[in-house]
2 protein chains.
Amino acid sequence: MLLYEQKLQLFGLWDTDRDIPLEGSHWLNMDNLIKALHSKGHTVTVVRTTKSWCTKEESLHYSFSTIPVTDGVEYEEFVKRIVKKVIDRVRNDWSLYFFMFSSMSKVHKHACDLATAVLKDKDLMKTLKENQYDLVLTDPAWGAGILVAHYLQLPLVYNVRWVISREGHLTIAPSPMSYIPMTLSGLSDKMTFTERVKNMLFYLLFTVRDRLTLRPQYQAVCDEFFQPGVDFYELLQGADLWLMRVDFVFEFPRPTMPNVIYTGGFQCKPAKPLPQELEEFVHSSGEHGVIIMSLGTFVTEFPHDIADVIAAAFAQLPQKVIWRHKGDRPATLGNNTLLVDWMPQNDLLGHSKTRLFVAHGGTNGVQEAIYHGIPVVGLPLFFDQYDNLLRLKERGGAKLLSMATVDKNNNFLEALQDVLDEPSYRMNMQKLSRLHRDVPMEPLDTALFWIEFVMRHKGAAHLRTESYRMPWYSYHSVDVVLLLLGVVSVLILLLVAIVRYLCVRKCLKRKIKSE
Amino acid sequence: MLLYEQKLQLFGLWDTDRDIPLEGSHWLNMDNLIKALHSKGHTVTVVRTTKSWCTKEESLHYSFSTIPVTDGVEYEEFVKRIVKKVIDRVRNDWSLYFFMFSSMSKVHKHACDLATAVLKDKDLMKTLKENQYDLVLTDPAWGAGILVAHYLQLPLVYNVRWVISREGHLTIAPSPMSYIPMTLSGLSDKMTFTERVKNMLFYLLFTVRDRLTLRPQYQAVCDEFFQPGVDFYELLQGADLWLMRVDFVFEFPRPTMPNVIYTGGFQCKPAKPLPQELEEFVHSSGEHGVIIMSLGTFVTEFPHDIADVIAAAFAQLPQKVIWRHKGDRPATLGNNTLLVDWMPQNDLLGHSKTRLFVAHGGTNGVQEAIYHGIPVVGLPLFFDQYDNLLRLKERGGAKLLSMATVDKNNNFLEALQDVLDEPSYRMNMQKLSRLHRDVPMEPLDTALFWIEFVMRHKGAAHLRTESYRMPWYSYHSVDVVLLLLGVVSVLILLLVAIVRYLCVRKCLKRKIKSE
C-alpha cells in the first residue's frame, strides 16, 4: 500500500463558491478528509472559484486550481434570510418549507453554472486530463463534481450525506417508506398509519420537486457537454464509493449497499487541553460542571427577547455556562455565563466537567455529542437539524425545543433542569458513545482505506450494482408481474370458455334428447 | 475486551445429527469459528445428538452437551440417492428439483423433532439457563437453534449462508427480483426479460414452498412451547447479527442490512508446506504445473464411464493431476494422475505449481479458489453448486460443464485445455484474489470482533431494523397507497360531480330561458 501512496495522486473536486452555500459544514468535512489524505502522502488538487469563502489560498495541505465564477447571490444574505424566517416563528410552517424549496432550486442553478464554467474552461480541463488523477472526490449535495468526473472518466468517490436534495441513502439503497423517515418530516423509524401517510406525502413532494426542478438543470449541462443518452441521474448513482457521514449509532437501521462505507463522526478526536483561561473558568464550576451552548456558524444574529430568556434561564442554574453568542450582551446575563465568539467545541465536549450541550443539531455537532457522550438540549433551526436531534431524542439522549416556543412558560429552563437532573439522558449518551467507539477501525481510517482501495483497483465495480440503469418498470418487475397476471388471466378465461362450451354442449344435447 | 474474553461464556447451539444432512460444509464452517473463539479464551458449549456424525467427543476446543435423538433417516443413504439421481443425467431436470424439494421438507421435519427433543428436555434446559451464556451461535439453515435462543432469551448470532430454504439475504434484505438471481435458477445479476420471468417464477415457487411446507413445521414447535403470538419467522428475522459466509468478490452486488457482516472465505489460510511425498509429485510437474480435482466429500461413488472419460482427458495433458477419487481405478488412468482418498486442498490450491482446480462448486472450495487465485473447471452436482460456479464464470475465472454432457464430444478435455491455455482465466482469478484479500480486517477476525461486540453490548439492537414485525401490506405501504388513491379518486369524483351539476344547472337555465 505504501507503494501507491507515494506514486499516485488524488484529485478532489469541490464546488466552493462564496455565492452559494456549498461550504459551511460540507466544506469542513471535506477539509478534514483532505488533510488526512495529505498526511498520508497524497497530492490533492481542489477546484474552487475566485470568490471561495472557506478554502484559503494559504492552505498547505493541498494545491489549488482556481475557476473564475463571477455572478451569484450573496451567500450571507441567503443564510440571514433563512435565519430571520426561522426566528419569525415559522419553524414547522409550510411557508418555510416552500421558501427552502425555492431557495434550493436557485442554489442548484448556481452549481450548474459552476459546472458549465469548469467544463467550458478548455485550459483547465486539459490540465486536469494531463495530470492523470486517480479519482475525483466530491460531495454530491451539488452535482458539479459528478459531471467533471464523467468528463475526465475517473473513478468517483463521494463524501456524502445529501444527494442533490435527498438523504444519500434514498438515492443508492432501497428505502421502504414504511420505516425510512424522510428528512424534514420529523418522523422516526417507527410510525403510526397517519405518520406513514405523512412520510409518503413528503416522499412524493421531494420526488416531484427533484424531477421537475433539480434534475433537469443538471441534465441540461449533460446534454450540452456529453454524448446524447448520458443521463445525469445514472452518473450520480454510478459513483464507486459512498463515504456516508453517518453511522447506525446516529442513523436508524435501514437497508444499505455494499459500496456505502460508514464514516460518521470521522472528524471526532479525543479532547485536547483547553486554553488556560477557559480551563480556569471550567474548573471553577466545581461539582456542578459546565453547560456549553452553540448554534453553529450560521446564527450570528439572535433576537433580544429570546437571548434574554436564554440568559435568564442560565443565570438560575448552579452550573457555569459557555455560550457562543455574537450579538449584544443580554440584559439578563448571569455571572455564571461566559459569552464567547468561538469555542474549541470538541475539546469542551470532551472535558470531564461538561454536563450538557445546547445545540442547533448540525450533523457534526450531534456526532461530537455522541462521541463524547454528552446529553443535549436541542434548538433546531432549519435543514436536517430537527431530524438529527430527533435521533438523539429517540435514544433518550436529548430534549428538543422549538424556536417558536423557547421563550414560553419557562420551557428552556425546564428542559435544561430536566436533562441535568435526570441521569438517564447522560447514561443513554454514554451508551451511544460506547457503541460508536466500539468499531474494528476508526471512521477516518476506514474512509482513507477505502479511498486508497479505489485508487489501487481503479474503482470498486464489484461493490456497485448497475441495476439503476434499468427502466423503473423493469427494476420493480412491473413488466414481469403484468405478463404473469396476463398469462394467469388468459388461462382462467380459457378455462371458463371451455367449461361454458362443455356446459352449452351438454345442455344442447339434453335439449335435443328431451325434444 | 480481554476482560470479557475470560469472564464470559459463549453458547453455541448447533443441530448435529447423523440422520439429517446438517453437517458437511455447514459444520466445518461452524467448527472453524468455534476453534477461533476457543483460541481467544471463550468457553463454547455445543448441543448435539447422540448420533452426531461430524462432532467428535474427543474435540478439545469446546465442551459438549449431548441430546439423545434416536430415530431418523440414514444420512448417507439420503446423499447417495441425490448423487445417483444426478449421475443419472437429471441435472437441469425438474424431477431433480422436486426430489430436492420433497427431501428438504423431510430434513426440516427432523430439525423440528430435534428442537422439540431439546426443548422438552427439562434438565438440559435448566442447565442451559443456569449457565448464563452470552449468546447463541447457530446456522439458520435449520431452525432449532433459533427456537432454543428464544427459549433462553439470549442474543442470537448466525453463521449463515442459507435460511431454512432461501439464500440468507432473501430473508433479511430487500431483494428486487429484477437483479437478485434466485439460487438454483442459474441466473446472474444481469437478466433478459425472459430470465427475469424465470427468476420471478423461482421466487414464487420457493415462497409458496416456504409458506406451505417449511414454516408451518417450525411454527408448530413455537405454538407448543411459547406464548400465543410468537411467530417463528419473526424470531428468525430478529437475530442480532448475521455473519454471512460470502463477500462481494464472490456474490453479486445487492442490498444488504447493517447487521450483516461479510465473512466469506474466513476459513482460508495461506498454504502450509505439503507432505514430502505429495510435494515431490507436485514438484515433478516442472513448468507445466499441477491440476487438482475434488468433487467434495459427498461424491464417493462415480460411474465407470464418466470416470474413464475424465481419466482419459487427464492422461492427454502434460500437467500432473491429483484427483480425489474413491471408486475403482479407471482403466484409462494415465501415469500423470495420482488418485488420493483425501487431499490438503487449501495447501495444494496455494502451491505455486497449481494451474487449475476441477471442482464441484461448494461454497468453501469456490472461496478457496478465489483466495488463492486458481482458475476453475466446474462440474456442479446439486444444491447451490451451479450458482456458486456461475459467479466465477461471470467474472471470467471458470468454465462450467454439466454432468449430463461431460463425457460427450471431448467436452471435458476441451474445457481443461481452454482454461489452461487462455491466460485470462488465471488473470481474472488473480484479480478476484487481490480484491478478496484487500480488506481492512481478515474475515475471521471480523467475525470474532462482531461476536464479541454482541457479548459486550448484549445484542446489537441499533443495527437491526424491526420493520419485519410490520404486516406485509404496511411494510410495502399498500395501505397508504390505497388511502392516497382513494382520496385522489374521491377528489376527482367530487370535481366531476360539481362540473356536471354546474353544466346541468346551466343547461336547465338555458332550457327555461329558451322556453
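The values are calculated or read from the model by the stated rules, or taken from the named source; none is laboratory data. All values derive from a computational prediction rather than experimental measurement. A quick note on method: Cβ atoms are made from the backbone with ideal geometry, for glycine too, and the neighbour counts reach across all protein chains shown.
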If you scan the stretch B:246-292, which residues turn out to be crowded, with 22+ Cβ neighbours inside 10 Å and under 14 Å from B:ASN336 (Cα atoms)? B:VAL290, B:ILE291, B:ILE292
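Considering the stretch A:148-181 alone, what residues qualify as being within 22 Å of A:PRO228 (Cα to Cα) and either touching a Ser or Thr at 6+ places or on another chain (Cβ under 9 Å) or of a type in the set (Gly, Ala, Ser) (or both)? Give the steps one after another, and end with the answer.
As a first pass, look at the stretch A:148-181 and keep what is within 22 Å of A:PRO228 (Cα to Cα): A:148-156.
Scanning the stretch A:148-181 gives A:VAL148, A:ALA149, A:LEU156.
To keep it simple, each residue is scored yes or no on (1) within 30 Å of A:LEU482 (Cβ to Cβ); (2) in contact with an Asp or Glu (Cβ under 7 Å, 6 or more places away or on another chain); (3) without any contact (Cβ under 8 Å) to a residue 24 or more places away in the chain; (4) of a type in the set (Asp, Glu).
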site	(1), (2), (3), (4)
B:LEU204	yes, no, yes, no
B:THR207	yes, no, yes, no
B:THR213	yes, no, no, no
B:LEU243	no, no, no, no
Could you tell me which numbered condition A:PRO380 fails, if it satisfies all but one of (1) closer than 30 Å to A:MET104 by Cα; (2) touching a residue at least 40 places away in the same chain (Cβ under 8 Å); (3) surrounded by fewer than 21 Cβ atoms within 10 Å (Cβ to Cβ); (4) not small (Gly, Ala, Ser)? (3)
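Here's the yes/no breakdown for (1) at pLDDT 90 or above; (2) within 14 Å of chain A (Cβ to nearest Cβ); (3) not in a loop (DSSP other than H, G, I, E, B):
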site: B:MET100; (1), (2), (3): no, no, yes
site: B:SER105; (1), (2), (3): no, no, yes
site: B:LEU128; (1), (2), (3): no, no, yes
site: B:ALA141; (1), (2), (3): no, no, no
site: B:SER175; (1), (2), (3): yes, yes, no
site: B:THR194; (1), (2), (3): yes, yes, yes
site: B:LYS198; (1), (2), (3): yes, yes, yes
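Regarding the stretch A:163-171, can at least one residue be identified that is of a type in the set (Ser, Thr, Tyr) and farther than 26 Å from A:PRO255 by Cα?
We begin by selecting, within the stretch A:163-171, every residue of a type in the set (Ser, Thr, Tyr); these are A:165, A:171.
Pick out the ones that are also farther than 26 Å from A:PRO255 by Cα and you get none.
There is no residue in the stretch A:163-171 that is of a type in the set (Ser, Thr, Tyr) and farther than 26 Å from A:PRO255 by Cα.
For every residue, the table says whether it meets (1) farther than 30 Å from B:TRP162 by Cβ; (2) among the aliphatic types (A, V, I, L, M).
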| site | (1), (2) |
| --- | --- |
| B:LEU212 | no, yes |
| B:GLN237 | no, no |
| B:MET244 | no, yes |
| B:PRO270 | no, no |
| B:GLU277 | yes, no |
| B:HIS283 | yes, no |
| B:GLY289 | yes, no |
| B:ALA312 | yes, yes |
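Per-residue answers, yes or no, for (1) without any contact (Cβ under 8 Å) to a residue 24 or more places away in the chain; (2) under 25 Å from A:LEU389 (Cα atoms); (3) among the β-branched types (Val, Ile, Thr):
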site: A:SER105; (1), (2), (3): no, no, no
site: A:LYS129; (1), (2), (3): yes, no, no
site: A:VAL148; (1), (2), (3): no, no, yes
site: A:SER178; (1), (2), (3): yes, yes, no
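Can you find a residue that is touching a Gly at 6+ places or on another chain (Cβ under 7 Å), farther than 29 Å from A:TYR468 by Cβ and assigned to a loop (DSSP other than H, G, I, E, B) anywhere in the stretch A:264-275?
Quick first cut of the stretch A:264-275, residues touching a Gly at 6+ places or on another chain (Cβ under 7 Å) only: A:270-271.
Of the ones still in play, those that are also farther than 29 Å from A:TYR468 by Cβ are A:270-271.
Going one step further and asking which of them are assigned to a loop (DSSP other than H, G, I, E, B), we end up with A:270-271.
Yes, the stretch A:264-275 contains a residue that is touching a Gly at 6+ places or on another chain (Cβ under 7 Å), farther than 29 Å from A:TYR468 by Cβ and assigned to a loop (DSSP other than H, G, I, E, B).
May I ask you to say which residue of B:ASN259, B:ASN199 is touching a residue at least 60 places away in the same chain (Cβ under 8 Å), under 29 Å from A:PRO176 (Cβ atoms) and outside the structural domain of B:GLY362 (by TED's automatic domain parsing)? Write out each step before concluding.
Values: B:ASN199 fails: touching a residue at least 60 places away in the same chain (Cβ under 8 Å).
Testing whether each residue is touching a residue at least 60 places away in the same chain (Cβ under 8 Å), under 29 Å from A:PRO176 (Cβ atoms) and outside the structural domain of B:GLY362 (by TED's automatic domain parsing) leaves just B:ASN259.
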Could you identify the single residue in B:PHE298, B:PHE314, B:PHE357 that is farther than 19 Å from B:ALA415 by Cβ and either surrounded by 18 or more Cβ atoms within 10 Å (Cβ to Cβ) or modelled with pLDDT of 95 or more (or both)? B:PHE298
Out of the residues in the stretch B:143-154 that are crowded, with 24+ Cβ neighbours inside 10 Å and not in a loop (DSSP other than H, G, I, E, B), which is farthest from the other protein chains (Cβ to nearest Cβ)? B:ALA144
Which numbered condition trips up A:ASP223, out of (1) more than 14 Å from every other protein chain (Cβ to nearest Cβ); (2) among the charged types (D, E, K, R); (3) closer than 30 Å to A:LYS393 by Cα? (3)
Test: residue in the stretch A:453-467 that is more than 21 Å from the chain's Cα centre (by Cα), over 20 Å from B:MET441 (Cβ atoms) and among the β-branched types (Val, Ile, Thr): yes
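Per-residue answers, yes or no, for (1) among the acidic types (Asp, Glu); (2) assigned to a strand (DSSP E or B); (3) within 14 Å of chain B (Cβ to nearest Cβ):
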position: A:THR116; (1), (2), (3): no, no, no
position: A:ASP123; (1), (2), (3): yes, no, no
position: A:THR171; (1), (2), (3): no, no, yes
position: A:TYR179; (1), (2), (3): no, no, yes
Would the stretch A:227-242 turn up any residue that is under 30 Å from A:MET191 (Cα atoms), in a strand (DSSP E or B) and either at the interface with chain B (Cβ under 9 Å from one of its Cβ atoms) or touching a helix residue (DSSP H, G or I) at 6+ places or on another chain (Cβ under 7 Å) (or both)? yes
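Within the stretch A:155-169, which residues are more than 14 Å from chain B (Cβ to nearest Cβ) and closer than 25 Å to A:THR194 by Cβ?
Just the residues of the stretch A:155-169 that are more than 14 Å from chain B (Cβ to nearest Cβ), to begin with: A:155-168.
The answer is A:SER165, A:ARG166, A:GLU167.
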Starting from residues that are modelled with pLDDT of 90 or more and not small (Gly, Ala, Ser), keep the ones in the stretch A:182-192 and report whichever is surrounded by the fewest Cβ atoms within 10 Å (Cβ to Cβ). A:THR192
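Suppose we keep only residues that are among the β-branched types (Val, Ile, Thr) and within 10 Å of chain A (Cβ to nearest Cβ) within the stretch B:465-515. Which one would you say is farthest from A:SER178 (Cα to Cα)?
Step one: of the stretch B:465-515, the residues among the β-branched types (Val, Ile, Thr) are B:465, B:478, B:480-481, B:487-488, B:490, B:492, B:496, B:498-499, B:504, B:512.
Next, from what is left, pick out any that are within 10 Å of chain A (Cβ to nearest Cβ): B:465, B:478, B:480-481, B:487.
Details: B:THR465: 12, B:VAL478: 10, B:VAL480: 9, B:VAL481: 11, B:VAL487: 19 Å.
If we take residues in the stretch B:465-515 being among the β-branched types (Val, Ile, Thr) and within 10 Å of chain A (Cβ to nearest Cβ), then B:VAL487 is farthest from A:SER178 (Cα to Cα).
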A:LEU339 passes all but one of (1) out of contact with any helix residue (DSSP H, G or I) (no Cβ under 7 Å at 6 or more places or on another chain); (2) of a type outside the set (Gly, Ala, Ser); (3) surrounded by 19 or more Cβ atoms within 10 Å (Cβ to Cβ); (4) assigned to a strand (DSSP E or B); which number fails? (3)
